[in-house]
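> Just dropping this structure here.
Derivation of every value follows stated rules applied to the coordinates shown; laboratory data play no part. This is a predicted model, so every value here is computed, not measured. Here the Cβ positions follow ideal geometry from the backbone for every residue, glycine too, while neighbour counts run over all protein chains shown.
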Amino acid sequence: ENISVQIPEEVMEMMKPFRPSESNYRNVTKRLELDMNMGLDPAHRDKACVKMFPSYVSKVPSGKEKGQFMALDLGGTNYRILLVTLKGNNAPPEIIESTYAIPEIKMSGPGEALFDFIAETINDFLKSKKIPDKTISLGFTFSFPCNQKGLDVGILTRWTKGFSATNVEGKNVVELLGVALKKLNLKVSCKALVNDTVGTLASCSFEHPDCAIGLIVGTGSNACYIEDLSKVLTVDKTALMKNAKFIIINTEWGAFGENGTLEDIRTKYDRAMDKNSLHPGKQIFEKLISGMYLGEIVRLVLVELIEKKLLFKGNLPDAMRKPYSFLTKYMSDCERDPPHLHYSTEYMLRNELLVNTIDSLDCKIIRYCCEIVARRAAYLAGSAIAVLINKMNRPTVTIGVDGSLFRHHPSFAANMNAIIKQFKNPKCEFRLKLSEDGSGKGAAAIVAAHSF
Ligand code: ADP
């Protein structure tokens, strides 16, 4: 391995716990499969970490859908409102959108204020875009775990990522939105609650009819897949569309490991990061994989290297004292440098973290740590995808993927591909496809496909 050239022995030793063996990863696939099967079984669902929520989406858009819809995208870094016009015949939709920033205080304050804020932004959007005042159907991409009872009913089981607004957990978020819309007399009617993974699958299915998995590797991580209806006993069949044969299952795999099944993978750095996070003990698998957390894990490693005088001659830069100051984006920057040059790494260290004395070994070490943490994330996400591929057992599957980490990290996709190949059934072919617009095109197409 040329990446370890000149890396001091002590650094390699410290990073060893971040390099699980093939059999460790294989065990992860076995435990995940067991947990998923429990989630699908009404008798064992309580004990499952991975809840396998039915999405009540039982039709995959074909690209023939037509009409004008609104879409909301709430769940990560950006909150967006979109007006989506589907043209039918696989033509690209016309999309008008606005991005709004959700003030920190709305994310953690009373839930009612959060939904009032959403309604206000919708009002602003309709006015500023001069959208005629007539009833319009809305697809609500809401990327948090919801126990759905129907396409337009979903109980938030818990906030994740950066959200913690009060009085929303345990409630039907479609209803909360409806109440807020009504206060402003808006003629917008939420017809579908769409997880971002489901929107991604739907959007990808326009170009790839064999798309059967939707994957997100962004702020958080989650996946959905198409399951035979006969295997899903947790679904209320009266709330499904007629003649449904399958249903998309939102795995909510981010919660995997909350019962201790990932302790052989987790390191002391993972545990320290988790302990100081907004939702300690929760979303253990997600915390090993996704963009919100990887940079912080690397920061904790680097701080220890500095304490041990293995980095920056033992001088801890002030900027690096602050939690989450080492952005996951920096990991992409470091890996984008060619192995022997460190332009981006140096630039980042100098200009973002304000380190003034940097030598090339420092850069090498940082890159090495970033690579190992990102590779573990990709291997874990890939292992989990292999479980879904094998579960569906189709001859070919396209996996629609969205999320900035997957999109921008230079080796994430390749590492995922490699481990999927290793663990999938040799009879199943697959491909990972970057899929954009899940929460716009995808959500609108789901509303269209399910309106009858
Ligand atoms: P979301 O998942 O919230 O919809 P994104 O897909 O944009 O939004 O993901 C945001 C996450 O991606 C953030 O946690 C951020 O750290 C991470 N991220 C942003 N840019 C990059 C990048 N260039 N390389 C790796 N990670 C990135």
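> How large is Rg over Rh for segment 62-125, taking Rg from the Cα atoms and Rh as the Kirkwood inverse mean of 1/r across Cα pairs? Don't jump to the answer; show the numbers that get you there.
On the way: Rg = 14.4 Å, Rh = 13.1 Å.
Result for segment 62-125 is an Rg/Rh of 1.10.
> Okay, moving on. Arranged by the count of other C-beta atoms within 10 angstrom, fewest first, what order do Lys106, Lys287 take?
Starting with the residue having the fewest Cβ neighbours, the order is Lys106, Lys287.
> Let me ask you something else. Which translational diffusion coefficient, to the nearest whole µm²/s, is obtained for segment 259-365 from the Stokes-Einstein equation, given a Kirkwood hydrodynamic radius over C-alpha pairs, 25 °C and 0.890 mPa s?
167 µm²/s
> Looking only at Cα atoms, what is the convex hull volume of segment 255-312 per residue, in Å³?
Numbers: hull volume 4.7 nm³, N = 58.
Hull volume normalised by residue count: 81 Å³.
> With n ≥ 4 as the cut-off for DSSP H runs, can you work out [θ] at 222 nm for the chain, using -39500 (n - 2.57) per run divided by the number of residues, rounded to the nearest 500?
After summing the helix terms and dividing by residue count, I get -12000 deg cm²/dmol.
> Report the convex hull volume per residue for the chain, counting only C-alpha atoms, in Å³. Could you put the intermediate results ahead of the total?
On the way: hull volume 64.9 nm³, N = 452.
Given the Cα convex hull of the chain, per-residue volume reads 144 Å³.
> Also: Using the Kirkwood radius built from alpha carbon pairs, what does the Stokes-Einstein equation give as D for segment 11-91 at 10 °C and 1.306 mPa s, in µm² per second?
It comes out at roughly 90 µm²/s.
> Going highest first, how would you order 26-36, 199-209, 95-105 by mean Cβ packing within 10 Å?
The densest-packed peptide leads the list: 199-209, 26-36, 95-105.
> First measure r as the distance between the Cβ atoms of Met241 and Asp124, then evaluate 1/(1 + (r/R0)^6) with R0 = 35 Å and state the FRET efficiency to the nearest 0.05.
The value I calculate is 0.55.
> Find the Rg to Rh ratio for segment 307-411, where Rh is the Kirkwood radius over alpha-carbon pairs and Rg uses the same atoms.
Checking Rg against Rh, the ratio lands at 1.10.
> Taking the convex hull of the alpha carbon atoms in segment 109-156, what volume per residue do you get, in Å³?
Per-residue hull volume (Cα only) is 103 Å³.
> Using r as the Cβ-Cβ distance of Ser21 and Ala414, and R0 as 22 Å, what FRET efficiency do you calculate, to the nearest 0.05?
Efficiency for this residue pair is about 0.65.
> Something else now. Among 271-282, 253-264, how do they line up from the highest to the lowest mean number of other beta-carbon atoms within 10 Å?
My ranking of the peptides, most packed first, is 253-264, 271-282.
> Over the Cα atoms of segment 69-205, each weighted equally, I'd like the Debye log10 I(q)/I(0) at q = 0.11, 0.19 Å⁻¹, rounded to two decimals.
Those come out to -0.37, -1.18, one per q.
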